Amino acid sequence: MTASFILLAVLTVAGTAAAMSMRNAVHCVLALTLGLTSVAMLYLQLGAQFVGFTQILVYVGAVAILAVFAVMMTHNDKPMDLPDSHSAWIAGCIVAAAVFAVLARAIVSSAPTVQAQPQPAATVQQVGDALMHRFVLPLEIMGLLLTAALIGAVVIAMDRREEMK
Amino acid sequence: MNSLQSYLLLSSLLFSIGLAGALTRRNAILVLIGIELMLNAANLNFIAFWRYGTNPDALTGIMFAIFSISIAAAEAAVGLSIILAAYRHCRTTDLDRMNSLKG
């Protein structure tokens, strides 16, 4: 465990925990961008450059902006996120803590034999080669899926009352 | 504890934070964000296993992560548009008050 890993881990956990616990939804999304950027830095530290920059582009650039727009479009003057009912909050936290305890116990008790390997090379060129040769069919299917999701999102979000008048 | 285990622990912590958010928040957008956090934890696992696993030259972990990020983006777009449509109908994004299937 290096110092940079500890720093990034603290930033990730702080950002995401703030995103899940703040009152104001816009503040939550802003804290989320901090957490997701730190996850991207972790990807860069692991040597996955392409995934790291994709994470920044897709999550910080697109998903967070989309979430901010959704928060602003559904903004009510009434305080929407009233204090959650206390018992439900405690129950949710207990369930999450139990899940974490099980996962952490499994991770700590298993001792994967990991030799110190040299940093594997994953340049953008190699990733592009793999996407265009070995994984070309999944890539095409993904393009189809994204097109369908785009059209579906527009159709669902369209206001139909104007047409009906 | 070796470095793979520390990445796995961080990722399970991220998953638990997302799970706690998805279970406790009442704003539908924040529930969706919690689900995105859980997907991110899975991606971090993919990359950590790619880095410390055997045969990293096959790039399979990276490919899994790239496709998973694309699917998460599509899911976020469709999910947020569903929330917008539901808001137009119910005038709220509070999940506790969106409690009828029939309008």
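Bear in mind that the values in this text are calculations on the coordinates, not laboratory data. The model shown is predicted, which means the values in this text are computed figures rather than measured ones. Cβ atoms come from the backbone with ideal geometry, glycine included; neighbour counts cover every protein chain shown.
Spin-label model, A:I141/A:V99: points 7 Å from Cα along the beta carbon direction are separated by 2.6 nm. Here the spin labels are modelled as points 7 Å beyond Cα on the Cα-Cβ line, and at A:S110 and A:R160 they lie 4.7 nm apart. With semi-axes defined as the square roots of five times the eigenvalues of the C-alpha gyration tensor, the equivalent ellipsoid of segment B:3-90 measures 30, 16, 4 Å, largest first. Rounded to the nearest 10 degrees, the inclination of helix B:3-24 to the longest alpha-carbon principal axis of chain B is 10 degrees.
The residue list B:L39, B:I62, B:L4 was ranked by how far each Cα lies along the charge dipole of chain B toward its positive end, using unit charges on Cβ atoms, and B:L39 comes out on top. Comparing Cα centroids, segment A:122-165 and segment B:32-103 end up 14 angstrom apart. Computed from the Kirkwood radius of its Cα pairs, the Stokes-Einstein diffusion coefficient for segment A:123-165 at 4 °C and 1.567 mPa s stands at 101 µm²/s.
Around the Cα centre of segment B:1-102, unit charges on the Cβ atoms of Lys, Arg, Asp and Glu (plus for the first two, minus for the last two) sum to a dipole of about 420 debye. With the simple spin-label model, which puts each label point 7 Å out from Cα in the Cβ direction, the B:N55 to A:L44 separation comes to 3.1 nm. Each listed q (0.09 Å⁻¹) maps to a log10 I(q)/I(0) for chain A from the Debye sum over equal C-alpha point scatterers, namely -0.51.
If you place +1 on the Cβ of every Lys and Arg, -1 on the Cβ of every Asp and Glu, and leave all else neutral, what size is the dipole of the protein assembly as shown about its Cα centre, to the nearest 20 Debye?
Working: 14 positive and 13 negative charges, 96 e Å.
In total the dipole reaches around 460 debye.
Which one, A:L150, A:V127, A:L137, is farthest towards the positive end of the dipole of segment A:123-165 when Lys and Arg carry +1 and Asp and Glu -1 on their Cβ? Positive-most Cα among the choices belongs to A:L150.
Across segment B:74-84, rounded Karplus estimates of 3J(HN,Hα) from the backbone phi angles (6.51 cos²θ - 1.76 cosθ + 1.60, θ = phi - 60°) give 4, 5, 5, 5, 5, x, 5, 5, 5, 5, 5 Hz, Gly and Pro being marked x.
Normalised by the number of residues in chain A, the average gap of Cα pairs under 8 Å and 6 or more apart makes the relative contact order 17 percent.
Placing unit charges on the Cβ atoms of the charged side chains and taking the dipole of the protein assembly as shown about its Cα centre, the candidate lying farthest along the positive direction among A:F50, A:V60, A:S87 is A:S87.
Hey, what D do you get for segment A:1-79 in µm²/s if you plug the Kirkwood alpha-carbon radius into Stokes-Einstein at 4 °C and 1.567 mPa s?
Details: Rh = 13.2 Å.
Estimated via Stokes-Einstein, D reaches 98 µm²/s.
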